[in-house]
Amino acid sequence: MASVDIKTQAGKKAGTAELVDSVFGVEPNISVMHQVVTAQLAARRAGTHSTKTRAEVRGGGAKPWRQKGTGRARAGSSRMPNWRGGGIAHGPKPRDYSQKTPKKMVKLALRSALSDRASDGNVIVVDSWSFDAPSTKGAVAALAAVGAEGKVLVVLGDGDTTAWKSFRNLTNVHCLHVGELNTYDVLNNDIVVFTADTLPTGAEAGKPKAASSTDSGDSAAAVSSEDENEQTPAVATADADAVDAGEEEE
């Protein structure tokens, strides 16, 4: 399991964070990343393009000239595709470009992208962003202090509103909520900057915090109650069969 130094906003070392192998230590699958990124970019397309066919173009109801005797080619409508002002043959129509991608492929692609950045030492962890007020100048100084150069992806949490406002005006910085972490944005940036709270620590990338013991206990209790409810009718049915068998013997 690899580790990375946790830095303060001023660039000083504040500890060490472990990069779990299930997220940052997998072998990058290039083909899966390509397919997921292609599907993600395809889903961005509006698909509202549209052209008119010869049936949709206004006019063209009357035959331009008689069928025979003019010496010209036969013509039944002035809105044919080979005529100026006519319809478009096999033109684009509104459609949905989105693709269905299995969830396992999406997760594998994200892990592959994060592992690729981690293998090159391009994953930075900051303990927290402590901006007193939104400041673009302070954001530039903070990135320089932690060593983030080039295109930077800053992964923020729910309480990092001030940091979001500080980074959003920088053209080389892309801010992203931890719940929206995706393969394309990781690959489209050179450096990925996490905070201690947004750093993925579980087996599933994009969910940095695992379920608490209280939640797991509630879930176990719910499962046990469901099992009891499912077993009760079965016991009642068995008792009823036994009674019926006894009456038949009498």
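The values are calculated or read from the model by the stated rules, or taken from the named source; none is laboratory data. These numbers come from a predicted model, not from an experiment. Here the Cβ is made from the backbone with ideal geometry for all residues, glycine too, and neighbour counts use every protein chain on show.
Of note:
- Any helices (runs of 4 or more DSSP H) falling wholly within the stretch 19-138 and containing at least 1 residues that are hydrophobic (A, V, I, L, M, F, W, C) and in contact with a Gly (Cβ under 7 Å, 6 or more places away or on another chain): 103-119
- All of 89, 113 fail the test of being surrounded by fewer than 15 Cβ atoms within 10 Å (Cβ to Cβ) and aliphatic (A, V, I, L, M), apart from 89.
- Unique residue being more than 25 Å from residue 40 (Cα to Cα) and loosely packed, with under 15 Cβ neighbours inside 10 Å when the list is 148, 144: 144
- Among the residues listed as 187, 170, 143, 156, the single one being modelled with pLDDT of 95 or more and farther than 19 Å from residue 10 by Cα: 187
- Filter result for the condition that a residue is out of contact with any Pro (no Cβ under 6 Å at 6 or more places or on another chain), more than 19 Å from residue 181 (Cβ to Cβ) and either surrounded by 11 or more Cβ atoms within 10 Å (Cβ to Cβ) or at pLDDT 95 or above (or both), over 25, 61, 69: 69
- Residue among 12, 63 that alone is basic (Lys, Arg) and under 25 Å from residue 191 (Cα atoms): 12
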